[in-house]
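Q: Got a structure for you, questions after.
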């Protein structure tokens, strides 16, 4: 079973974006101990919310980060990049990761 994430990370960073996209946790600003404590207490006092977040996060992780799915995504990306004339690999990779 999945576990909810409490991420104390920059709010506009990649980790925060993934946590939000996954629906599997809560993002709090770094170095804000009160916000972190509040998030912990909220999940402690509402275990059903924690279960729901954990399940959503697990579902997201299996869909996007499972070994075979990751291989399929990379294969599709590399196939797409190598078939385009005058391509810029870095731009393609950046767009794929967004």
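Q: So which pairs qualify, if the first residue must be in region 69-88 and within 25 Å of residue 59 (Cα to Cα), the second must be modelled with pLDDT under 80 and surrounded by 12 or more Cβ atoms within 10 Å (Cβ to Cβ), the Cβ gap must be under 6 Å, and the two must be at least 6 apart or on different chains?
A: Sorted first by the residue in region 69-88, then by its partner, the pairs are 77/96.
Q: Condition (residue is under 17 Å from the mean Cα position of the chain (by Cα), over 18 Å from residue 11 (Cβ atoms) and part of a helix (DSSP H, G or I)) applied to region 41-50: is it met by at least one residue?
A: Filtering region 41-50 for residues under 17 Å from the mean Cα position of the chain (by Cα) gives 50.
From what is left, the residues that are over 18 Å from residue 11 (Cβ atoms) are 50.
Of the ones still in play, those that are also part of a helix (DSSP H, G or I) are 50.
Checked region 41-50: at least one residue is under 17 Å from the mean Cα position of the chain (by Cα), over 18 Å from residue 11 (Cβ atoms) and part of a helix (DSSP H, G or I).
Q: Also: List pairs: first in region 30-47 and at positive phi, second modelled with pLDDT of 95 or more, Cβ under 8 Å, 6+ apart or cross-chain?
A: Matching pairs, first to second residue: 31/8.
The values are calculated or read from the model by the stated rules, or taken from the named source; none is laboratory data. Here the structure is a predicted model, which is why all the values come from computation and not from measurement. Cβ atoms come from the backbone with ideal geometry, glycine included; neighbour counts cover every protein chain shown.
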